[in-house]
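Note sheet for the following structure.
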Amino acid sequence: MSALRFQVPPDHALLTLADASGGLSALFAFDSVMAHHTDWLTEAADALGHESDGEDDDMKDARATANAQTDTIRALRTELAELAADAEAQLPDGVTYDLPIVSETQLPFLPDTLGPRELLHVEKSFKRGIAAQLLTATESLGPLAERLAGFDDEACRALSERIAAFVISVRGAS
């Protein structure tokens, strides 16, 4: 058996796993929603004859910013997956987690045609979908950060700080 990165007290393992699962599901859904909309927009740009090679500096800067934010979320998702696996390994004897760790994402409908109304629909759908998934992630990750902060494990406390920073970036400081 390999050493665990996150030492989770057995009496907190089930809740830790459930909150990590909720956060992971929402962050994977965030990625899926973003990719779903990006694919539609790429097809629309291709249909209109727009080439991505001809992007101006503002578009390149916007794309770089979006990629940096996405990379941060993916790094957090990787750590949450490791935490979930470690928490599952530390469940007390006789306790099991029978739900999928990551639930399936229902992607929104996007139109088959291209026009001003369809583009507006995709833009609104994209904004709603991204916001909804990020807020959903914070519902699980906020309590998870608080729980991890109280563990006697440096890796858990460090992850707690990264999760708390993410939650604050999404919800704002309260």
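From the set of residues in region 35-46 that are farther than 17 Å from T70 by Cβ and open to solvent by 60 Å² or more (accessible area, probe 1.4 Å), which is modelled with the highest pLDDT? Selected residue: E43.
The rows are residues; the columns are (1) over 24 Å from V167 (Cα atoms); (2) surrounded by 13 or more Cβ atoms within 10 Å (Cβ to Cβ); (3) at pLDDT below 90; (4) touching a Pro at 6+ places or on another chain (Cβ under 8 Å).
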position: L4; (1), (2), (3), (4): yes, yes, no, no
position: Q7; (1), (2), (3), (4): no, yes, no, no
position: F30; (1), (2), (3), (4): no, yes, no, no
position: V33; (1), (2), (3), (4): no, yes, no, yes
position: L48; (1), (2), (3), (4): yes, no, yes, no
position: D58; (1), (2), (3), (4): yes, no, yes, no
position: R63; (1), (2), (3), (4): no, no, yes, no
position: T78; (1), (2), (3), (4): no, no, no, no
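Checking each residue in region 108-124 for being touching a helix residue (DSSP H, G or I) at 6+ places or on another chain (Cβ under 7 Å) and either of a type outside the set (A, V, I, L, M, F, W, C) or loosely packed, with under 14 Cβ neighbours inside 10 Å (or both) picks out P108, P111.
Would you check if L134 is out of contact with any Ser or Thr (no Cβ under 8 Å at 6 or more places or on another chain) and within 19 Å of S169 (Cβ to Cβ)? For L134, the condition - out of contact with any Ser or Thr (no Cβ under 8 Å at 6 or more places or on another chain) and within 19 Å of S169 (Cβ to Cβ) - is met. Note on region 88-107: among residues that are farther than 25 Å from R171 by Cα and surrounded by 15 or more Cβ atoms within 10 Å (Cβ to Cβ), the one that is modelled with the lowest pLDDT is Y97. Kindly evaluate L17 against the criterion of being closer than 24 Å to Q133 by Cα, open to solvent by less than 30 Å² (accessible area, probe 1.4 Å), touching a Gly at 6+ places or on another chain (Cβ under 7 Å) and modelled with pLDDT of 95 or more. In short, no.
The values are calculated or read from the model by the stated rules, or taken from the named source; none is laboratory data. Keep in mind that this is a model prediction, so the values were computed, not measured. With ideal geometry, Cβ positions are generated from the backbone for all residues, glycine too; neighbour counts draw on all protein chains shown. Only protein heavy atoms, including side chains, enter the accessible area calculation; ligands, DNA and RNA are left aside. Shrake-Rupley method; radii C 1.70, N 1.55, O 1.52, S 1.80 Å.
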